[in-house]
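Colleague: Submitted below is the structure of interest, expressed as structure tokens.
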Amino acid sequence: MIFNIISIFPEMFDSILHYGVLGRAFTNDICSLNFNNPRDFVSDSYKRIDDKPFGGGPGMVMKIAPLEDAIKMALQQQQTLDVKKNIRIYMSPQGKPCNQALVSELLQYDGIIFVCGRYEGIDERCIERNIDLEISIGDFVVSGGELPAMMLIDALMRHIPGVLHDKDSAQADSFVSGLLDHPHYTIPREYDGMNVPEVLLSGNHEQIKLWRLQMSLWHTYKKRPDLLQSKQLTKIESGLLQDAIKRFE
Ligand code: SAM
């Protein structure tokens, strides 16, 4: 997947470019990150990309022209890189709330352009004319679109073949099947009087699978009951959940 980032702070992306599984995926060219800085598209010597809002009020607004030029450049680059299907996303607290289903939908694109706002945000006309989708990472406001874009890139890349060491790992994560993940344990078997559940040491893979499914159901019921409302449980799943409620509640 090819990402283009429209941002005045491209250096912030160093934290995903050079570390962990994402860093490795960029080094191995499984994905690429390109930057289009709106400041490069202004000619005045102050490189001003923002100005005061019409109508008054606090803060500054990012101007349309440098943003639009940066987006055009990003589109051209993606075309040159043979991107077949792309989307222009503005990271915004007013956008569609992000969840795993939206992440899965976005995996159909091989090119994504992220516009990262700053200050009070970007000129509304830029959104009207250049943005396909606004996405929010939650009902709270952060200072810029860079961290939200990085979060979304990370969530997307986990599902791109070759990014994770174990290809099944992302499939077992919370939300993918509509449930939360089961609990995990590692050495030591006993720590300060706390033991690893016996079944995980049994070597019985069928029993382990059932236990994990039951724990996923139980944790979802306890921590995120809202998720169960939109999930059709199978007979086996319902039975496992009822059994867990009887035993643990
Ligand atoms: N005045 C704007 C509002 O209240 O809708 C908030 C502007 S915010 C300080 C600056 C930038 O941060 C936004 O343009 C957007 O790109 C980004 N941003 C802030 N909160 C976000 C969120 N919850 N999700 C995605 N992006 C966000």
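None of the figures in this text is laboratory data; all of them are computed from the coordinates on show. Predicted model, so just to flag it, every value in this text is computed and none were measured. When we count neighbours, we look across all protein chains shown, and the Cβ atoms used for this are built from the backbone with ideal geometry, even at glycine.
Colleague: Roughly how big is region 175-248's charge dipole about its Cα centre, with Cβ charges of +1 (Lys, Arg) and -1 (Asp, Glu), in debye to the nearest 20?
Modeller: Dipole magnitude for region 175-248 comes out near 260 debye.
Colleague: Right, here's the next one. Using only Cα atoms, locate the centre of region 1-39 and the centre of region 126-200, then give the distance between them in Å, rounded to an integer.
Modeller: If you average the Cα positions of each part, the centres end up 18 Å apart.
Colleague: Continuing with this model, one more query. May I ask you to give the average projected area over all directions of the convex hull of the Cα atoms of the chain, in nm² rounded to one decimal?
Modeller: 18.4
Colleague: If you don't mind, there's one more thing I want to ask. Treat every Asp and Glu Cβ in region 2-157 as -1 and every Lys and Arg Cβ as +1, leave all other atoms uncharged, and give the resulting dipole magnitude about the Cα centre to the nearest 20 debye.
Modeller: 120
Colleague: Taking a ≥ b ≥ c as the square roots of the Cα gyration tensor eigenvalues, with a/c under 1.5 meaning rounded and otherwise prolate when a/b beats b/c, else oblate, which class fits region 175-248?
Modeller: Judged from the Cα gyration tensor, region 175-248 comes out prolate (a/c at least 1.5, a/b above b/c).
Colleague: If the cut-off is a Cα-Cα distance under 19 Å, which lysines reach Lys223, setting aside same-chain residues fewer than 8 apart in sequence?
Modeller: Straight-line reach from Lys223, under 19 Å: Lys231, Lys246.
Colleague: Given H placed 1.01 Å from N in the peptide plane, which residues other than close sequence neighbours of Asn34 have an amide H under 5 Å from its amide H?
Modeller: Here Phe3, Asn4, Ile5 satisfy the definition.
Colleague: Still on this structure: Output wanted: per-residue J couplings in Hz (rounded whole) for region 36-42, from phi through Karplus 6.51 cos²θ - 1.76 cosθ + 1.60, θ = phi - 60°, x for Gly and Pro.
Modeller: With coefficients 6.51, -1.76 and 1.60, one gets 10, 8, x, 4, 6, 10, 10 Hz.
Colleague: Return the distance in nm (one decimal) between the two label points of a simple spin-label model at Val199 and Ser230, each offset 7 Å from Cα along Cα→Cβ.
Modeller: Modelled inter-label distance: 2.8 nm.
Colleague: Based on the Cβ-Cβ distance from Glu105 to Ser45, what FRET efficiency comes out when R0 is 51 Å, to the nearest 0.05?
Modeller: After rounding, the FRET efficiency stands at 0.75.
Colleague: For region 172-177, just list the computed ³J(HN,Hα) in residue order, Karplus coefficients 6.51, -1.76 and 1.60, θ = phi - 60°, integers in Hz, with x standing in for Gly and Pro.
Modeller: Going residue by residue, I get 8, 5, 3, 6, 4, 9 Hz, with x marking Gly and Pro.
Colleague: Here is a follow-up. If one takes the longest principal axis of the Cα atoms in the chain, at what angle in degrees, from 0 to 90 and to the nearest 10, does the Cα axis of helix 235-248 lie?
Modeller: 80
Colleague: Convert each backbone phi in region 68-75 into a coupling constant with the Karplus relation 6.51 cos²θ - 1.76 cosθ + 1.60 (shift: θ = phi - 60°), then list the ³J(HN,Hα) values in order as whole Hz, x for Gly and Pro.
Modeller: 5, 5, 5, 5, 4, 4, 4, 4
Colleague: While we're on this one: Which percent, nearest 5, of DSSP beta bridges in the chain are antiparallel?
Modeller: Roughly 15 percent of the beta bridges in the chain run antiparallel, per DSSP.
Colleague: Under a cut-off of 14 Å between alpha-carbon atoms, report the aspartates and glutamates in cross-link reach of Lys96, not counting same-chain residues fewer than 8 places apart.
Modeller: Glu105, Asp132, Glu134, Asp139
Colleague: Given the rule -39500 (n - 2.57) for each run of at least 4 DSSP H residues, summed and divided by the residues of the chain, what is its mean residue ellipticity at 222 nm, to the nearest 500 deg cm²/dmol?
Modeller: Helix-only estimate at 222 nm: -11000 deg cm²/dmol.
Colleague: Mind listing the long-range amide H neighbours of Ser136? Cut-off is under 5 Å, sequence gap 5 or more, other chains count too, H placed in the peptide plane at 1.01 Å from N.
Modeller: Here Ser92, Gly95, Lys96, Cys98 satisfy the definition.
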